[in-house]
Structure formats: C-alpha cells, structure tokens
1. Mind listing whichever residues of the range 90-107 are of a type outside the set (Ser, Thr, Tyr), surrounded by fewer than 19 Cβ atoms within 10 Å (Cβ to Cβ) and either at pLDDT below 95 or outside any strand (DSSP E or B) (or both)?
2. Could you tell me whether any residue of the range 108-118 is assigned to a loop (DSSP other than H, G, I, E, B) and open to solvent by less than 50 Å² (accessible area, probe 1.4 Å)?
3. Inspect all residues belonging to the range 72-85 and state whether any of them is within 19 Å of the chain's Cα centre (by Cα), without any contact (Cβ under 8 Å) to a residue 24 or more places away in the chain, more than 27 Å from HIS43 (Cα to Cα) and open to solvent by 20 Å² or more (accessible area, probe 1.4 Å).
4. Give me the strands (runs of 3 or more DSSP E) completely within the range 123-225, filtered to those with at least 2 residues that are under 25 Å from ARG113 (Cα atoms) and either open to solvent by 40 Å² or more (accessible area, probe 1.4 Å) or at pLDDT below 90 (or both), ordered by residue number.
5. Mind checking which pairs have a first residue in the range 98-111 that is under 14 Å from GLU156 (Cα atoms) and a second that is open to solvent by 90 Å² or more (accessible area, probe 1.4 Å), Cβ under 6 Å, 6 or more apart or different chains?
6. The conditions are (1) within 19 Å of the chain's Cα centre (by Cα); (2) within 18 Å of LEU206 (Cα to Cα), and GLN27 fails exactly one of them. Which is it?
7. Looking only at residues in the range 50-61 that are open to solvent by 50 Å² or more (accessible area, probe 1.4 Å) and in contact (Cβ under 8 Å) with a residue 24 or more places away in the chain, which one is nearest to LEU161 (Cα to Cα)?
8. What pairs can you find where one residue is in the range 13-24 and open to solvent by 10 Å² or more (accessible area, probe 1.4 Å), the other is among the hydroxyl-bearing types (Ser, Thr, Tyr), and their Cβ atoms are less than 8 Å apart, with a gap of 6+ or different chains?
Amino acid sequence: MQKNSFNILYEDREILVCSKPHGIPVQSRRIGTPDMESMLKNHLARQGQEPYLAVIHRLDQPVSGLLVFAKTKKSAAALNAQLTGSSFGKYYRALTEEIPSAPSGTLRDYIVRDGRTNTSRICSPDTPGAKKAELTYRTITEEAPFFPDRSDSQAELEIHLLTGRHHQIRVQMAHMGCPLLGDTKYNPAAREAGTWQVLKLCAYCLEFLHPSTGKRMQFCLEQDV
C-alpha cells in the first residue's frame, strides 16, 4: 500500500469512513491491482482487528470521494437497508464543460448499461434492461468553490444522487449538454484530447444513520482529494 493512498475520516467497531483517491477501484478482480477493499483490510489486520469489511456502495474508478464500509455483518445489513431510503444521502461536486441553462433542477431519465463497452446511455422506459435514474443539481456560485481552477465558461455543480445507476451522473450530465471535465467516456472534448485526464467528479458529502446508535452521521470534504 502506498503511503497516504487514502484518508480515514472516521472509524469505530461498526463502520469505517474514508476518502478514495482518483484512479483506485473500490474492488478489483485483477491480481496485483490495489483497491480500497484490500488496502483497508490490510489496515484492519495491522491494527489487530478481524479483517471483515463489507462494501456498502461504490464509486467509479476515476471518481474520488467518500465511502463508508461496514466492519460487521450486522452493520452491513443496517447500512444496506438505508440505501433505498431517504436516510442515506450521497452528494457530489462536479465541474462541467458547459454552464446549464437552468441554475438548478431535477433530471429524470432511463439508463441502460452496455456490459461489452462498460458504458451506459439514456434510453426509453421500454428498453430491455432500462432503469430509472434521478438526481437533483444546483450551480455553486457564492459558496467557496470545490474546484478553484474553474473557468468562466464552466460550471461547478452540487449533485444529490437519488438513484445509483452505472455512470449515472456522467451520463445524465452529458445528455443534458453539460459533460464533465476529464470524462473520456462521455465528454467528446476529453476523449479527443488523447491524454490521461482527471475526472472532475467527487463524492464530497455522505450522510447516513449509524447502524448501532441510529445517530445521524455526516462527513464532508472541503476540497477535491
């Protein structure tokens, strides 16, 4: 494990909250490829703890930000039960290539995934495999920017993810005409650049109820990791 490859924000007997850097997968089947799950299990083992760790939710490999893991089967069940309800909140900051025509809004679409290309696209509701995708967004103006290098032609958005579909934010924002900077899958400008780029999308705020105490937990990052 590389030094400072992740940052643990909170840990107790039930849960572990950490920030994931760009480029590291949450889980990987490739031998020798570092991922968050294996690195955190090694961390638990070094602390003399049982290396049980349940993945509750995921972030795409190019996406940075906050993750919560369960350290017991009981806490995993409690957190998984929250994923489909309103008590589990996932908030992102994104930098878009274009400025949205409306400063805030709700996007409701249907998305279908193509496993062969590892991409998703907007589709009609009756498309086989289609899943409903919903999020809300608002433009960040007066608040401190999460991406301080934003240009006047770009927009920084706070996005509240209401469903968890494959590449959902990236696909819906591109479909709206506001693809994310550095998105080589869904932003033609980034794809045509032909060089490695950092995807400007970070899961910057996470809310949930503690699986044992029921206390509302909130963790937020002040700047991209």
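The values are calculated or read from the model by the stated rules, or taken from the named source; none is laboratory data. Small disclaimer: the values here were computed from a predicted structure and weren't measured. When we count neighbours, we look across all protein chains shown, and the Cβ atoms used for this are built from the backbone with ideal geometry, even at glycine. We work out accessible area using only protein heavy atoms, side chains counted, and drop any ligands, DNA or RNA first. Shrake-Rupley method; radii C 1.70, N 1.55, O 1.52, S 1.80 Å.
1. Once the filter is applied, which keeps residues that are of a type outside the set (Ser, Thr, Tyr), surrounded by fewer than 19 Cβ atoms within 10 Å (Cβ to Cβ) and either at pLDDT below 95 or outside any strand (DSSP E or B) (or both), the range 90-107 yields GLU98, ILE99, PRO100, ALA102, PRO103.
2. So in the range 108-118, the residues assigned to a loop (DSSP other than H, G, I, E, B) come out as 115-118.
In the following step, the residues that additionally are open to solvent by less than 50 Å² (accessible area, probe 1.4 Å) were identified as none.
No, the conditions are met nowhere in the range 108-118.
3. Checking the range 72-85: at least one residue is within 19 Å of the chain's Cα centre (by Cα), without any contact (Cβ under 8 Å) to a residue 24 or more places away in the chain, more than 27 Å from HIS43 (Cα to Cα) and open to solvent by 20 Å² or more (accessible area, probe 1.4 Å).
4. Working: elements: 131-139, 155-161, 201-209, 216-220.
Filter on the range 123-225 gives 131-139.
5. none
6. (2)
7. As a first pass, look at the range 50-61 and keep what is open to solvent by 50 Å² or more (accessible area, probe 1.4 Å): 50-52, 58, 61.
Adding the requirement that they be in contact (Cβ under 8 Å) with a residue 24 or more places away in the chain leaves 58, 61.
Details: ARG58: 13, GLN61: 17 Å.
The qualifying residue nearest to LEU161 (Cα to Cα) is ARG58.
8. The qualifying pairs are ARG13/THR72; GLU14/THR72; GLU14/SER75; GLU14/SER212; PRO21/SER5; PRO21/SER64; HIS22/SER64; ILE24/SER5.
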